[in-house]
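Working notes, structure below.
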Amino acid sequence: MAVLQKIRQRSLLLILVIGFCLLAFIIGDLFNNGGFSSTSKDIGNVNGKAISFEDFRIKVSNVEKNGQGITPTQAANQIWDQEVSIALLTAEFDKLGIRVGENHIMEIFKADQNIGQNPTFLNAAGKFDVAKFKEFFKANPDQAQNLKDREKDAALNAKFQIYNSLIKAGVYTTENEGKFKYGMESNKVNFDYVSVLFSTVKDSDIKISDEEITNYMKKNEKKYKAEETREIQYVLIEDKASPEDENEVKTAVNALLSSRIVYNQATGKNDTLPGFKGAKDAIDFVNANSDKPYDSTYIAKKDLPAQFAEQLFNLAPGEVFGPYINNNYVCLSKNLGRKAGANAKASHILISYEGTQVPNKKEKRTKEQAKAKAEQLLAQVQSNPSSFMMVALINSDDSSSQQGGDLGYFAPGQMVKPFNDFVFSNPIGKIGLVETNFGYHIINITDKQDAVRLATVAQKIEPSETTSDQIYTKAVKFEMDATEGDFEKVAKAAKIQVNPSIKVKIMDESFGVIGNQRQIVRWAFESETKIGDVKRFEVPNVGNVIAKVKAVNEAGLTPVADARPMIEPILKNKKKAEIIKSKMKGTSLEAIAAANKTQVKPAVDVTLENPTLPGVGQEAKVVGTAFALKGDKISLPIEGNLGVYVVKTKTVFTAPALKSYTDYVAKLKSQNASATSRIIPALKVDAKIEDNRSQFNY
C-alpha cells in the first residue's frame, strides 16, 4: 500500500517521463526514416534536375519482368544509365531550342514495326493511315494513357534524331584536311639521329613520392577522377561434402546395383526389389532412385564425360557401368541402345538471291541466276571434291564461308527441313543441291557420328547435416576471432586462405569468383560500416563468406596506390630525360654519340603517318622535328616516348600536289563516323551527377 501511495503522489512526474520517452522515440524515428533526415526523396539528379524515385522504381520493375535472367542490380544500373542520358540530352535539346511537332512524332511511330506495320492502322493500300491511327484511340479511350507514354518516348526519339543530325553536320572534313592527310602519308624525311633510351638509367635510381603522383593527378584531374570505392578482403569457407559424405553416397549408389529386401507396409511382408542390373524398366528405376530425371537423348561419344567416354560409349545393350563420379554426382549408367548416324557434320555453299533474308550477299542476283550459279558450282565440286573449301570461301553467302563452309556437327531437326532431310538420308561423301528459304545450298556430308542412349542414376554428393554444422561453427568462430584480432593472422592460424582484396563501387554486385553478391557490397557502403569491420554472409550453394572492409576510398582523385602503376613510369621517364639531356652535348652527332657510348643511326623515308624509328618504335616528336629542322643544324635534345634524341636532317621529300584529295577526305570522314557515340561520355565528364540509389536499398 505504501508503494502505491508513493506512485500516486508522483504520478505527474511519471506521466512527464513517459511522455518525454515517447516524444524522443517519435523524433528519433522521424530522423531515421526520413522525416528530418538528409535522405533524398529522389533517386538522384543530373545538373540539378531530379530523377523521381517512383518513376525509376516502376521502370526498374518493368525491366526485371521483361528481362530474362537480369538481376535487380543490373536492371537498376540499366535504367540509371538511361535516365542520366535522357537528362543530359534533354538539357542539350532545350539549350538548342529543339522542338518537335505531331508530324515528327508520327514519323517515329511509322518507323516502329509494332505500330507502322500494325494491320489496325493500315489502309487499303497497306500503308500507315494517320486517320485510322487517331480514330482507334478515340474509340478506345482506355488505351489513351498508353499512347501518351509512347508519345513522350517518340518525342524524345525525334528530338534526338534532329540533335544527331546536327552533330553529324557539324563534324565535317575539308579539302585542306584531306590535303594534310595526304602530306602525312606521302611526305618523307631522311635523317641521322642519336638516341639514349630511358632504359639506360636504372629504375631503382629514380624515386617518385606520393606527393608527386598526387600533383600529377591534380594537373590531369579529369583523367584521374575516381568514384567512391571500398576495398574488401575475404575468406570463403565452402559448404562442401566431406570424404565421409562422399563415401556414404558411393555406398548408397553401389547398393542399387544388386537386388535388395525392403519391408512393404501395405502387405506387412518383405519384398525383394531388383537392382539396376536386373531392373526390367530402367527408366522407372532411374526416376525412382536418381536426383536427375531420365534423359532420352542420344549422346555422341564426344559429349560423354571425357574420363569415362570410352567405357560408356562401348557398353553392350543392357550392360551397366559404375559407380563413377561426374560433376559432383555418383553415377550408374545402363546402355539402352545405339543409334547410327545420330549426329552429322556437313559443309555448304549458299547461293542466295534477292528477297531471301541473308545479310551477307556477295552479289545481287535473281532466283534464276542463283539457281544457274549453284548448278555450275555443284558440277565443279562434284568433279573435284577437294576444291569445296575454296569454292565456299569465294562464293558462299553464308558466314560459314570463312571456315570453308564447315557447319560442324548438328543433330536432326537443327537445320531447315530440306537441308536436314538431305544430310540425314544420304551417306558420308555425298554432295548435292537443295533449295530452302535462304537460297540454294550445295551440301557436302563430311562425317556422321553414332550415339548411345543411357539410363543414368545420379545422386548428388552433398554435405551431411553433421558436416554443415561443423562448417557453420568454423565460419562463426572465424568471424568472432577476426573481429577481435588480425584478419590474416586469424586465417593463417585456422588454415583458411585469404582471397585477394576486391575493390567495389557503390552499385557493383559482382564479387570475385563468388559471382553476384550485392548484399556484401551494400554492407560495405552502409554508413555504420567502418574500416576494419568484419561480417559473415551465408551464400546459398556456396558456403560462408567472411568479409572485412580493408580500405575506404572517397570520391575524388584515384587513390595513390592505384594510380602509381600508371603514373610512376611517366614521372620516372621525365626525371630520366633530364639526366640524359644533361649528357647529350656536343658540336656533332658523332661527338654526342661518343659521349653517351652509342652510335649515330640513319632513318630513311619516314612519314608523319607512321613515325617509326627502326629498332626503337614510334617517335612522332622526333620525326616531326626532323621535318621542321632547317639547314645543316643539329636539334636540341628531344624527349620522346622511349628516350631522348638528337637529330640532323639530310633530305625532305615533298610529294607532288594532287588534282583532288577526295580519297583522303573519305578516309578522315570514316574516322569521324563514330562521333555521335561519344556525345554521352563527353556530357558526363562535365555533369554534376548525384546518385542516391543506395539510400533506396538498390
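When segment 639-674 is filtered for residues that are open to solvent by less than 60 Å² (accessible area, probe 1.4 Å), in a strand (DSSP E or B) and more than 18 Å from residue 590 (Cβ to Cβ), the ones remaining, listed by number, are 639, 643.
The set of residues in segment 141-198 being aromatic (Phe, Trp, Tyr) and open to solvent by 40 Å² or more (accessible area, probe 1.4 Å) consists of 160, 172, 180. Could you give me the residue pairs with C-beta distances under 6 Å whose first residue belongs to segment 126-153 and is without any contact (Cβ under 8 Å) to a residue 60 or more places away in the chain, whose second residue is outside any helix (DSSP H, G or I) wherever it lies, and which are 6+ apart or on separate chains? Taking only residues 6 or more apart or on different chains, the pairs are 129/123. Taken over segment 202-221, the criterion of being assigned to a helix (DSSP H, G or I), without any contact (Cβ under 8 Å) to a residue 12 or more places away in the chain and open to solvent by less than 100 Å² (accessible area, probe 1.4 Å) is satisfied by 204, 215.
Contact map, segment 43-65: residues that are in contact (Cβ under 8 Å) with a residue 24 or more places away in the chain and within 17 Å of residue 87 (Cα to Cα) paired with residues that are open to solvent by less than 70 Å² (accessible area, probe 1.4 Å) and charged (D, E, K, R), Cβ distance under 7 Å, separation 6+ or inter-chain. Pairs shown: 43/693; 44/691; 44/693; 51/42; 51/83; 53/42; 56/83. Annotation: of all residues in segment 503-522 being more than 20 Å from residue 541 (Cβ to Cβ) and in contact with a strand residue (DSSP E or B) (Cβ under 8 Å, 6 or more places away or on another chain), the one that is surrounded by the most Cβ atoms within 10 Å (Cβ to Cβ) is 504. Summed over segment 626-638, residues that are free of Cβ contacts under 8 Å to residues at least 40 places away in the same chain and surrounded by 10 or more Cβ atoms within 10 Å (Cβ to Cβ) total 5. Restricting attention to segment 576-613 and to residues that are open to solvent by less than 50 Å² (accessible area, probe 1.4 Å) and in a strand (DSSP E or B), the residue that is nearest to residue 628 (Cα to Cα) turns out to be 606. Looking at the structure I just gave you, is residue 58 assigned to a helix (DSSP H, G or I), crowded, with 18+ Cβ neighbours inside 10 Å and modelled with pLDDT under 95? When the stated conditions are applied, residue 58 does not pass them. The residues on offer are 583, 574, and the sole one that is more than 30 Å from the chain's Cα centre (by Cα) and at pLDDT 95 or above is 574.
Condition check ((1) of a type in the set (Gly, Ala, Ser); (2) within 43 Å of the chain's Cα centre (by Cα)) across all residues:
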| residue | (1), (2) |
| --- | --- |
| 602 | no, no |
| 608 | no, yes |
| 611 | no, yes |
| 615 | yes, yes |
| 619 | no, yes |
| 622 | no, yes |
| 629 | no, no |
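The residues on offer are 289, 270, and the sole one that is at pLDDT 90 or above and more than 27 Å from residue 450 (Cα to Cα) is 289. Would you confirm whether any residue within segment 93-101 is within 32 Å of the chain's Cα centre (by Cα), more than 30 Å from residue 519 (Cβ to Cβ) and surrounded by fewer than 16 Cβ atoms within 10 Å (Cβ to Cβ)? No: zero hits. Just to be sure before I move on: is residue 554 surrounded by fewer than 16 Cβ atoms within 10 Å (Cβ to Cβ) and without any contact (Cβ under 8 Å) to a residue 60 or more places away in the chain in the structure I sent? No: the conditions fail for residue 554. Of all residues in segment 278-294, those that are open to solvent by 80 Å² or more (accessible area, probe 1.4 Å) and in contact with a helix residue (DSSP H, G or I) (Cβ under 9 Å, 6 or more places away or on another chain) total 2. One residue stands out in segment 307-331 among those that are under 16 Å from residue 247 (Cβ atoms) and either open to solvent by less than 70 Å² (accessible area, probe 1.4 Å) or of a type in the set (A, V, I, L, M, F, W, C) (or both): the one that is nearest to the chain's Cα centre (by Cα), namely 329. Take the residues in segment 357-376 that are among the hydrophobic types (A, V, I, L, M, F, W, C) and closer than 18 Å to residue 419 by Cβ; name whichever of them is most open to solvent (accessible area, probe 1.4 Å). Filtering segment 357-376 for residues that are among the hydrophobic types (A, V, I, L, M, F, W, C) and closer than 18 Å to residue 419 by Cβ, the one most open to solvent (accessible area, probe 1.4 Å) comes out as 358. Restricted to segment 342-356, and to residues that are of a type outside the set (S, T, N, Q) and open to solvent by less than 20 Å² (accessible area, probe 1.4 Å), which residue is nearest to residue 284 (Cα to Cα)? Ranking the candidates gives 342 first.
Pairing each residue of segment 385-410 that is under 29 Å from residue 299 (Cβ atoms) with any residue that is of a type in the set (Phe, Trp, Tyr) and part of a helix (DSSP H, G or I), provided the two are 6+ apart or on different chains, yields C-beta distances under 8 Å for 404/388; 405/388.
Show the residue pairs that are 6+ apart or on different chains and have beta-carbon atoms under 7 Å apart, the first residue being within segment 106-124 and more than 14 Å from residue 150 (Cα to Cα) and part of a helix (DSSP H, G or I), the second being of a type outside the set (S, T, N, Q) and open to solvent by 70 Å² or more (accessible area, probe 1.4 Å). Correct list of pairs: 121/132. As for segment 529-538, it holds no residue that is under 26 Å from the mean Cα position of the chain (by Cα) and in contact (Cβ under 8 Å) with a residue 60 or more places away in the chain.
Residues in segment 495-554 that are among the small types (Gly, Ala, Ser) and part of a loop (DSSP other than H, G, I, E, B): 515, 527, 532.
Within segment 354-376, the set of residues being of a type outside the set (Asp, Glu), at negative phi and under 36 Å from the mean Cα position of the chain (by Cα) comprises 356, 357, 358, 359, 360, 361, 362.
Here 263, 224 are screened, and the one residue that is surrounded by fewer than 18 Cβ atoms within 10 Å (Cβ to Cβ), over 22 Å from residue 463 (Cβ atoms) and of a type in the set (Phe, Trp, Tyr) is 263. Residues in segment 675-684 that are in contact (Cβ under 8 Å) with a residue 12 or more places away in the chain and either hydroxyl-bearing (Ser, Thr, Tyr) or open to solvent by 70 Å² or more (accessible area, probe 1.4 Å) (or both): 676, 684.
Among the residues of segment 154-177, those that are touching a residue at least 12 places away in the same chain (Cβ under 8 Å) and among the hydrophobic types (A, V, I, L, M, F, W, C) comprise 154, 155, 156, 158, 160, 162, 166, 167, 171.
The values are calculated or read from the model by the stated rules, or taken from the named source; none is laboratory data. Just so it is clear, the structure is predicted and the values come from calculations on it, not from any experiment. Please note: Cβ atoms are built from the backbone with ideal geometry, for glycine as well, and neighbour counts cover all protein chains shown. Accessible surface is based on the protein model in full, side chains and every heavy atom, while ligands, DNA and RNA are left aside. Shrake-Rupley method; radii C 1.70, N 1.55, O 1.52, S 1.80 Å.
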